[in-house]
Amino acid sequence: MKKRIYFLLTVAFAMFTSCESMLEVNPKDSLPGDKVLSTLAGSESLLLGAYDMMQSTSLYGRNMICQPEILADNCGMTQGGYMFRDEYRNVMGAGVNIWTNAYAVIAVTNDIIAAIDNIEIDATQTGTRDKIKGEALFLRGLFYFDLLRAYSREPGHLVNDFALGVPLMTAPFLTMGPDAYPSRSDIYAIWAQVEQDLNEAFTLLTGNDGSNFPQRATSYAARALLARAYLYQSKWSEAIEAANWVIGQNNPALHTGDYRDLFTDGAESIFELTFSAPEALGASSLHAVYATLDNGNRDEDGFGDGIGSGEGELIIAENLRTQFETGDKRLDLMRKAHFGSQDVWWTTKFNSWQGSFGQDNIALIRISEMYLIRAEAALKLATPDYNTARSDVDALRAARGLGATTAANGNLAAAVQKERRLELCFEGHRLFDLKRQGLDITKELPSVTLPYTDFKVVAGIPQTEMDVNENLVNNPGY
């Protein structure tokens, strides 16, 4: 058997900060993979390392959450804001660039998936093996899904029929031969792989979720992400079926209490990214870019004085803030302040609720999204199911302290999209929601308005990857 080399997670972490390409790794820092992956304990330690890799500021620790908001229309910028200035202006090269980081996680999951069925176990360890494999499949499906969102158009909304996805790599990386320089598969092959991984993960994890919900992948998370994947592909019946299953488990249910509980206690989390105090991202965190502190002194209009840690450079766009109705519990997580010479509104969804500055458990999938997916898909059926859509919208509105929607059937689709924007704002959905529907990005002045057909809606493949892999074709315009 060809000896497989597995690169230590420390090398993978180094890739996040020092390597120019996902292929640029020094073999002297490697060790035989068979030793790492020959036991369930070794495989699980690598799996936990993959979860830790997700905490990177280039992934779900920050950028994958805030960049889709500032690239779209949910955020403005404070005067002097600089960190996401290019994203705010939608300049070339300012897309959601997760390429190297995503493939680093995929490489870990590929090794786990390939090796785990060959580990000698006794009958009492079958559940543990299936759980590790199921979680690895979920993570691989998640990152191929995210790569598609960042670098490709969705089915039904192609531009000039350009349908390239990303390189599809599902086997361990062995040598620097031809397999090291893969070309891009079409989007349909990647979507099929996402579905396959999530369905297999669901099967392996059903009844075998363990006690780490929602901090690790479970059957609930696999089914919920599958509902999201079906929505992106306009597979309406399948999206409804998957969302139905998740909602039917009633674990978690829609939270009818304090809206802040969703972000302090994960009250609606199906899957969330967990940070301990030593892992807190501090000045690089979502808290730092979304909000600062204030001194508690407020004027007659309720504006405090912005002080304290963090840049607080991403503020709530007026075209979003004014969409909220009086009495909406979601307003409880907005704070207004004087910041320099500017009056601003910040979101406090990520406000170091867990202790240290920058330490938040970041909800990646919530039950409210399942209601919104089912409502949207129900209206897209050949015969629209207005009752289901209306019931789902009203259930969410009731949980947020609002009365039933007054939208007529003909306006219900717009009402669903409005609720989706209000519920999921600042959580990394907005750019992708506009993109998957073929909608333009309309921003407040002085920023730009970006037509859906503009090439900058989709990220370009990093030039470092293009330089080392002649088989790659970049997206149009790059």
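Report in % the part of the accessible area of the chain that belongs to carbon and sulfur, leaving out ligands and nucleic acids; probe 1.4 Å.
Details: 9110 of 18580 Å².
Percent of accessible area from carbon and sulfur atoms in the chain: 49.
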If you take every residue apart from residue 155 with its C-beta less than 11 Å away from the C-beta of residue 155, what net charge results, scoring Lys and Arg +1 and Asp and Glu -1? +1
Residue 318 versus residue 163: modelled label distance in nm, points set 7 Å from Cα along the beta carbon direction: 4.4
Determine, for each peptide in 110-122, 225-237, the mean count of other beta carbons within 10 angstrom over its residues, then list the peptides with the highest first. 225-237, 110-122
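Relative contact order of the range 372-448, please, whole-number percent, based on alpha carbon pairs below 8 angstrom and at least 6 residues apart.
Numbers: 52 pairs, mean separation 17.3, N = 77.
Normalised by residue count, the contact order of the range 372-448 is 23 percent.
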Which listed pairs, of 329/380; 349/456; 336/456; 349/443; 131/435; 235/443, have C-alpha distances above 26 Å, in listed order: 329/380; 349/456; 336/456; 131/435; 235/443
Around residue 222 (Cβ within 13 Å, Cβ-to-Cβ, excluding residue 222; K/R +1, D/E -1) the net charge comes to 0
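Run lengths n ≥ 4 of DSSP H only: what is the helix-derived mean residue ellipticity at 222 nm for the chain, with -39500 (n - 2.57) per run over all residues, to the nearest 500? The partial results should precede the final answer.
Numbers: 18 runs with 198 residues, N = 478.
It comes out at -12500 deg cm²/dmol, rounded to the nearest 500.
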For residue 366, distant residues with modelled amide H under 5 Å away: 270
For the residue pair residue 117 and residue 334, what label-to-label distance in nm results when each label sits 7 Å from Cα along the Cα-to-beta-carbon direction? 5.2
With every protein chain kept in place and ligands, DNA and RNA left out, what is the accessible area per residue of the range 39-128? Probe 1.4 Å, answer in Å². 33
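Please find the FRET efficiency linking residue 189 to residue 453, where r is the Cβ-Cβ separation and R0 is fixed at 30 Å, and quote it to the nearest 0.05.
Details: r = 24 Å, r/R0 = 0.81.
So the FRET efficiency works out to roughly 0.80.
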Report, in degrees rounded to the nearest 10, the 0 to 90 angle that the Cα long axis of helix 412-424 makes with the longest principal axis of the chain. 70
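Could you work out the per residue convex hull volume over the alpha carbons of the chain, in cubic angstrom? If you can, show how the numbers build up before the last one.
Numbers: hull volume 71.0 nm³, N = 478.
Normalising the Cα hull of the chain by residue number yields 149 Å³.
Please report, in debye to the nearest 20, how large the charge dipole of the chain is about its Cα centre when each Lys and Arg carries +1 at its beta carbon and each Asp and Glu carries -1 there.
On the way: 41 positive and 61 negative charges, 94 e Å.
The calculated dipole for the chain is roughly 460 debye.
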Here the range 263-277 yields Karplus 3J(HN,Hα) values (6.51, -1.76, 1.60; θ = phi - 60°; whole Hz; Gly and Pro given as x) of 10, 8, 10, x, 4, 10, 6, 9, 8, 9, 8, 9, 10, 8, 4
Based on alpha-carbon centroids, what's the gap between the range 385-418 and the range 235-270 in Å, whole number please? 16
For the chain, the longest principal axis of the Cα atoms and the Cα long axis of helix 40-53 enclose an angle in degrees, to the nearest 10, of 40
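Taking the highest mean first, how do the peptides 148-156, 164-172 order by number of other beta carbon atoms within 10 angstrom per residue?
Values: 148-156: 20.6, 164-172: 18.3.
The peptides rank, most packed first, as 148-156, 164-172.
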Let me check against my output: what whole-number percent is the relative contact order of the chain, with C-alpha pairs under 8 Å and at least 6 apart? 19
Pull up all non-local amide H partners of residue 441: gap of 5 or more, or a different chain, and H-to-H distance under 5 Å with H placed in the peptide plane. 450, 452
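Based on the Cβ-Cβ distance from residue 250 to residue 445, what FRET efficiency comes out when R0 is 56 Å, to the nearest 0.05?
On the way: r = 45 Å, r/R0 = 0.81.
The calculated FRET efficiency here is 0.80.
Mind ranking 453, 326, 464, 78 by accessible surface for me, highest first, 1.4 Å probe? Don't jump to the answer; show the numbers that get you there.
Working: 453 95, 326 135, 464 50, 78 10 Å².
So, going from the largest accessible area down, we get 326, 453, 464, 78.
Would you mind calculating the relative contact order of the range 224-268 from Cα pairs under 8 angstrom and at least 6 residues apart, reporting the percent as a whole number? Spell out each step's value before the answer.
Numbers: 27 pairs, mean separation 12.3, N = 45.
Result for the range 224-268 is 27 percent.
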I'd like the Karplus ³J(HN,Hα) series for the range 143-157: coefficients 6.51, -1.76, 1.60, θ = phi - 60°, whole numbers in Hz, and an x wherever there's a Gly or Pro. 6, 5, 4, 5, 4, 4, 4, 7, 10, 9, 8, 8, x, x, 9
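Keeping every protein chain in place, order 339, 426 by accessible area at 1.4 Å, biggest value first, i.e. largest first. The partial results should precede the final answer.
Numbers: 339 50, 426 5 Å².
From most exposed to least exposed: 339, 426.
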Built amide H within the under 5 Å cut-off of residue 121, gap 5+: none
Using Cα centres only, tell me the gap between the range 359-373 and the range 58-108 in whole Å. 19
By average Cβ neighbour count within 10 Å, what is the ranking of 90-96, 407-413, 268-274 from highest down? 268-274, 90-96, 407-413
Residues other than residue 435 with Cβ under 9 Å of its Cβ, Lys/Arg counted +1 and Asp/Glu -1, net out at +1
Output wanted: per-residue J couplings in Hz (rounded whole) for the range 125-132, from phi through Karplus 6.51 cos²θ - 1.76 cosθ + 1.60, θ = phi - 60°, x for Gly and Pro. 9, 4, x, 5, 4, 5, 5, 4
Estimate the FRET efficiency between residue 38 and residue 92 by the formula 1/(1 + (r/R0)^6), using the beta-carbon distance for r and 51 Å for R0, to the nearest 0.05. 0.60
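The values are calculated or read from the model by the stated rules, or taken from the named source; none is laboratory data. What you see is a predicted model; the values in this text were computed from it and never measured. For neighbour counting, all protein chains shown are included, and Cβ atoms are generated from backbone atoms with ideal geometry for every residue, glycine included. Note: accessible area is taken over every heavy atom of the protein model, side chains too, but ligands, DNA and RNA are not part of it. Shrake-Rupley method; radii C 1.70, N 1.55, O 1.52, S 1.80 Å.
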